[in-house]
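In what follows, a single structure is set out as structure tokens and then discussed.
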Amino acid sequence: MTEPESLQNKIKQLEAQLEAVKEEAAIAKRLGLAAEERANELYLDLVRTQEESRINATESERLLDGLWAMTEALDVEQILTGMLSVLRKVLEFEHAFILIEDADGSFGSIASTDSLFEGRSWEPGKYFGRALKGKILAAFDTSQISEWMLQDQAVRQEAISALHIPIGMGEDRALLVCTQSSRGFFTSKHIKLAERFSVLATRALQNAKLYTELGLERDTLEQRVTERTKEIEDLAKFPEENPYPVFRVSKDGEFQYSNEAGGELLS
């Protein structure tokens with residue numbers, strides 16, 4: 001190989017190496033840009049997650065504070081009213097009502113945020129059955145659920161989506177139903193908050209029910225004491241009201257008591 005040919009080959013090799021280096025540099029630049037973009041995405045995700053965490057912490061604190069206060073209440077009606085007030089701030093519902101099972105197996109409202117839901121009868125089907133077994137259910141569109149289909153149009157218009165939360169009321173089966181007039185409003189976030197709520201709500205209602213039962217027993221005992229006291233008082237009046245002489249004499253034969261008729265006899 002002549003010297004010119006050798007130089008030409010060397011030039012070609014150097015050009016090829018230069019192109020390879022340029023390609024590597026281009027790849028490195030693309031990787032660098034991709035890494036920078038990924039880093040920016042991760043940063044934005046971190047910021048969003050931190051904000052969600054802050055919001056969830058605030059919601060949870062507000063929820064727990066309100067519900068812990070409810071556990072101190074000793075009146076069922078007071079607890080149910082307080083329950084709806086506390087949860088409205090956290091679960092963001094427009095309306096809510098509490099259903100409890102009647103003797104005939106249907107469900108009726110015992111508390112609500114709007115008169116629209118008062119005095120209505122609900123026939124439980126498969127959907128309510130799942131919720132009553134302990135599963136919190138978020139309905140994307142209530143128009144597809146048999147229990148809601150039986151309600152009139154006024155109710156269905158106000159409750160396009162709904163959250164169904166089982167709550168413990170002793171032996172009674174009960175549901176808290178939260179509603180919104182937009183489809184698909186309730187999400188997994190609301191379900192998680194409701195899960196926290198249901199435990200404390202059950203405890204609060206159990207406390208109230210126990211207190212109510214104790215109150216009924218106390219009232220019954222007081223009534224019995226009042227009736228027995230009256231019987232004793234009536235019995236004590238018997239000698240005075242008796243038109244015939246009544247005496248009480250000691251073992252030694254001394255007169256200890258005489259009613260009016262007996263006194264006239266002794267005088």
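The values are calculated or read from the model by the stated rules, or taken from the named source; none is laboratory data. The shown structure was predicted, so the numbers you read here are calculated from the model rather than taken from an experiment. FYI the Cβ positions are ideal-geometry reconstructions off the backbone, even for glycines, and counts take in every protein chain you see.
Annotations for the structure displayed:
For (1) assigned to a strand (DSSP E or B); (2) over 17 Å from residue 84 (Cβ atoms); (3) touching a strand residue (DSSP E or B) at 6+ places or on another chain (Cβ under 8 Å), each residue gets a yes or a no:
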residue	(1), (2), (3)
110	yes, no, yes
128	no, yes, yes
143	no, yes, no
157	no, yes, no
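- Looking only at region 112-122, and only at residues there that are in contact with an Asp or Glu (Cβ under 7 Å, 6 or more places away or on another chain) and outside any helix (DSSP H, G or I), the one that is nearest to residue 97 (Cα to Cα): 112
- Qualifying positions in region 203-222 - buried (at least 17 other Cβ atoms within 10 Å of the Cβ) and either modelled with pLDDT of 70 or more or of a type in the set (Lys, Arg) (or both): 209
- Selection status of residue 96, among the aliphatic types (A, V, I, L, M), modelled with pLDDT of 75 or more, outside any loop (DSSP other than H, G, I, E, B) and touching a Pro at 6+ places or on another chain (Cβ under 7 Å): no
- Any hit, region 192-202, residues being out of contact with any helix residue (DSSP H, G or I) (no Cβ under 8 Å at 6 or more places or on another chain) and either in a strand (DSSP E or B) or surrounded by 15 or more Cβ atoms within 10 Å (Cβ to Cβ) (or both): yes
- Within region 120-141, restricting attention to residues that are of a type in the set (Gly, Ala, Ser) and out of contact with any helix residue (DSSP H, G or I) (no Cβ under 7 Å at 6 or more places or on another chain), the residue that is surrounded by the fewest Cβ atoms within 10 Å (Cβ to Cβ) is 134.
- Taking (1) part of a helix (DSSP H, G or I); (2) among the aromatic types (Phe, Trp, Tyr); (3) touching a residue at least 24 places away in the same chain (Cβ under 8 Å) in turn, residue 186 satisfies each apart from (1).
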